[in-house]
Structures are given as C-alpha cells and as structure tokens.
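Inspection log for the structure reproduced underneath, given as structure tokens.
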Amino acid sequence: MIHTNIVHILTLSLLIWGSPFVAKFFRLPMPPVEIILGSIVAYFGLVGHNPYFTLIAEVGFLYLMFLAGMEVDLKQITKSPKMVIQRSILFLFFMVIFSMIFGFIFDLNTIVIISMPLISIGLLASLSKVYGKEEPWIRLAFIAGVLGEILSIAALTIFDAYITTGSPMELILKVGYLLLFILVIFILYRMFNLLFWWYPELKSILVPKLNTSAQDIRLSMALFFIMIAVMLSLELEVALGAFIAGIGISAFFHHEKELEEKMSSLGFGFLVPLFFIHVGASFDLKALTLEGVVPGALLITVLMIVARLFAAIVLRGINGSSKDAILIALSLSMPLTLLVAVATIGYDTKLLDQLTYYQLILASIFEILISMTIIKVLQVNKRLNKKGEQ
C-alpha cells in the first residue's frame with residue numbers, strides 16, 4: 001500500500017511538471033493533454049483509485065469553477081447593451097432547440113439529450129488565461145456562458161433531485177431551496193455593494209495594500225469553503241457555490257489584479273491539472289475497443305458542437321465578426337464537468353447503460369480536443385491576418 005501511494009505521488013508529480021512540455025511539443029492545449037496523459041498512466045497502473053487523489057481532484061474541479069467565477073465581471077455584464085443580453089439568451093434558446101432536434105433525429109438516449117445543451121465556463125477560464133480576457137469574443141462568451149452556467153447547474157440540481165428524491169414534495173422543496181439561495185445571494189450582493197459604497201475603506205481592511213499575511217488569499221479561500229459548506233448543508237450543487245464565491249471576489253475586489261494572478265497560479269499550476277489528470281484516469285482506455293463507443297462519442301460531440309454553431313448565428317451582428325461568433329460557440333462547447341456529472345448520475349441510477357456512459361465520458365474529452373484545437377487555429381489565423389493588414 002505504501003509502495004503504491006509513493007508511485008501515485010511520483011507519477012502525479014511528473015505529470016504536473018511534464019505536461020506543459022508535452023503540450024508544447026504536440027502543439028495542443030493543456031487540458032486535453034493532461035486528460036490523455038491521465039488515461040495512459042492509469043492504463044499502465046501507475047495511477048489508480050485513491051481516495052486522496054479523488055478528493056484533491058474534486059477540490060481542483062471546484063477551484064476551477066471558483067476561477068471561472070473570478071473571471072466574471074458583473075458590472076460589465078449588467079452594463080452590457082440590451083442587445084447583447086437578448087442575443088445571448090436567444091443563443092441559449094436556439095442551442096437547446098437544436099440539441100433537442102438533433103437528439104430526436106438520431107434517436108439518442110433521453111439523458112444524452114438532456115446533457116447536450118449544458119454549458120460550463122470552467123474551461124473558458126483556461127482560454128481567458130491563454131488568449132486574454134480583453135478579447136471581444138471571450139467577453140461575449142462570458143456573458144452567454146454565465147447565463148448558461150447558472151441555468152445548467154440549476155437544471156442539473158433539479159435533474160439530480162428528480163432522480164434521487166422519492167416524492168414530488170422533496171423535489172419541490174429542493175427547487176425551493178435553490179431559488180431561495182439565489183434570492184439571498186442577490187440580496188447580499190446588493191447589501192455589500194451599498195456597504196462598500198458608503199465605507200470604501202472596508203476593502204482596504206479586508207484586503208490591505210501592505211499585505212504581509214496573505215490576507216487576500218485567506219479571504220478568498222475562506223469565502224470559497226464557506227460557500228461549499230452552505231451548498232453541502234442545503235444539499236445543492238456544490239459547483240454553483242464555488243462559482244458564486246469567485247464572482248463575489250471579482251465583484252468587490254476586481255481592482256486587486258495581483259490577487260487574481262495569485263489565485264490563478266495556484267489553480268492552474270497545481271489543483272486544476274490534478275482534476276484533468278483524474279478525469280483521464282477515470283476513463284478506461286480498454287473501453288475504446290468496445291463496439292460503438294468511439295462512433296457514438298464522435299456523434300454526440302459533433303451534434304453538440306454543431307448545435308452551438310447553428311445557434312451562434314444570432315451572435316454574428318454583435319461586433320460584426322462571424323469568426324468571433326464561431327469562437328464563442330466553440331468556447332461554450334466544452335461542458336466537461338457537467339457532462340461527466342450527468343453521465344455519472346444516469347449510470348448510477350441505471351438510466352444509462354455502460355456503453356452510453358462511456359460514450360458521454362469520451363465525448364466530453366473529444367469536445368475539448370476538437371474545440372480547443374480549432375480555437376487555436378482560428379486565433380493564429382486571426383493574428384496573422386492582423387499582422388498582414390498592418
């Protein structure tokens with residue numbers, strides 16, 4: 001047992017350190033490389049089921065959601081033109097419609113159809129780090145993504161409650177908790193906004209300029225874990241709590257650029273890679289040999305991406321760039337965590353067979369590989385065109 005733990009620790013350490021070199025060599029984005037490497041080392045038995053690894057990976061996922069929340073600028077979203085908000089809502093609406101149409105045409109499992117319109121902006125935080133949050137398409141993607149993320153997590157919470165609760169009353173109660181929680185968060189946001197407006201010096205007390213005790217990081221982590229504890233006590237989706245904690249830090253301490261960099265370095269340098277490696281390790285490479293797994297996963301992947309590309313037509317007129325609309329659609333085509341969550345719930349409750357379960361897990365990986373690779377190609381072409389014009 002001790003020997004196995006040592007092998008696990010050494011393997012994970014080498015993967016965290018070495019994956020950037022592998023990504024650079026193959027010219028691939030980091031998340032898919034970490035997922036693939038996690039699958040490979042698990043196949044050879046270098047990494048296996050370990051409760052500590054699973055726990056840290058779960059924290060890594062929640063921290064990724066926290067970082068995604070920190071990327072959200074509430075003031076920018078609330079001050080966005082009505083046209084942007086309306087087009088974002090239309091994008092989400094048409095994405096759901098196209099997903100349902102494709103699902104029925106190809107006679108997909110009901111759980112698969114439910115999972116197809118899900119949106120998670122966890123990986124959008126990774127794209128923002130690579131390409132910069134000032135990119136117009138990233139700013140627009142965050143507006144549509146935040147709305148989609150909240151709706152997706154709410155849908156996942158209701159779906160989980162519907163599957164696991166024994167009575168309609170329990171389902172209504174859980175949905176009521178979710179709505180009440182969102183209302184309380186909104187009231188608290190307004191209260192703190194007013195408090196900091198009247199007493200701006202409070203921000204300096206909570207996050208002092210001369211910070212020798214890392215109070216900014218302590219405050220962020222305290223809020224992160226407090227929100228997780230609240231969600232656990234209400235038996236709601238924990239990812240939503242982590243996401244809102246990140247939004248809270250961004251909303252009231254967005255001027256502290258160093259704080260964002262510190263939190264991001266901790267996440268993308270340690271916790272987030274462990275999450276991606278764990279996702280890869282949880283997928284059995286032997287499943288690739290099962291008949292129908294790869295074709296089924298590719299079909300789900302293509303349908304999810306195409307549904308978003310079709311829906312993105314409504315986004316074209318916002319800043320006059322069709323390429324930006326495509327980039328937004330691709331950046332919101334990677335609901336890795338929510339897709340894995342729905343697949344796990346469906347499989348555990350016997351609503352999904354093993355074949356469909358593997359197809360969904362593999363599709364979540366394919367989406368990252370395909371979307372991030374196309375985004376990288378489009379961004380490179382975009383920069384080359386700009387240089388050519390200059």
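The values are calculated or read from the model by the stated rules, or taken from the named source; none is laboratory data. Not measured: the values here are computed from a predicted model. Cβ placement follows ideal geometry from the backbone for every residue including glycine, while neighbour counts extend to all protein chains displayed. Side chains are part of the model used for accessible areas, which takes the heavy atoms of the whole protein and leaves out ligands, DNA and RNA. Shrake-Rupley method; radii C 1.70, N 1.55, O 1.52, S 1.80 Å.
Miscellaneous remarks
- For the chain, with +1 on Lys and Arg beta carbons and -1 on Asp and Glu, the positive-most of Leu274, Val306, Phe61 along the dipole: Val306
- For the chain, with +1 on Lys and Arg beta carbons and -1 on Asp and Glu, the positive-most of Ile326, Met95, Asn5 along the dipole: Ile326
- Charge tally in the Cβ shell below 15 Å around Gly18, where Lys, Arg are +1 and Asp, Glu are -1, Gly18 excluded: 0
- Computed over the stretch 187-256: relative contact order in percent, which uses C-alpha pairs under 8 Å that are six or more apart: 25
- Between Ile97 and Leu183, the contour length at 0.36 nm per residue exceeds the Cα-Cα span by 28.1 nm.
- Overall, the accessible surface of the chain at a probe of 1.4 angstrom is composed of carbon and sulfur to the extent of 70 percent.
- The residues of the chain expose, per residue, 50 Å² of accessible area to a 1.4 Å probe.
- Prolate/oblate/rounded call for the chain, Cα gyration tensor, a/c under 1.5 rounded: rounded
- Long pairs among Lys75/Lys133; Lys82/Lys382; Lys75/Lys323; Lys262/Lys323; Lys133/Lys382; Lys129/Lys286, criterion Cα-Cα beyond 23 Å: Lys82/Lys382; Lys75/Lys323; Lys262/Lys323; Lys129/Lys286
- Remark: the stretch 16-106 carries a charge dipole of roughly 420 debye about the Cα centre, counting +1 on each Lys and Arg Cβ and -1 on each Asp and Glu Cβ.
- If the chain linking Phe106 and Lys75 were pulled fully straight, counting 0.36 nm for each residue of separation and taking away their Cα-Cα distance, it would gain 7.0 nm.
- When both the stretch 258-276 and the stretch 129-150 are represented by their alpha-carbon centers, they are found 18 Å apart.
- Listed residues Ala222, Ser39, Asn381: farthest to the positive end of the dipole of the chain (Cβ charges): Asn381
- Most mobile listed residue (Gly122, Gly280, Gly176) in the chain, GNM with C-alpha springs under 10 Å: Gly176
- Taking the chain and dividing mean pair separation by its residue count, relative contact order in percent (alpha carbons under 8 Å, at least six apart): 31
- The chain: most fluctuating residue of Ala307, Ala239, Ala23 per GNM, C-alpha cutoff 10 Å: Ala23
- Overall form of the stretch 43-136 per C-alpha gyration tensor (a/c, 1.5; a/b vs b/c): oblate
- Global geometry of the stretch 242-390, whether rounded, prolate or oblate, following the gyration tensor of its Cα atoms and the 1.5 cut on a/c: oblate
- Mean residue ellipticity (222 nm) of the chain, computed from DSSP H runs ≥ 4 via -39,500 (n - 2.57), nearest 500: -26000 deg cm²/dmol
- Counted as membrane-span-like here are DSSP H helices of the chain whose alpha-carbon atoms extend 24 Å or more along the helix's own axis and whose Kyte-Doolittle mean is 1.0 or above; these are 2-26, 51-70, 82-105, 136-164, 168-198, 215-234, 293-311.
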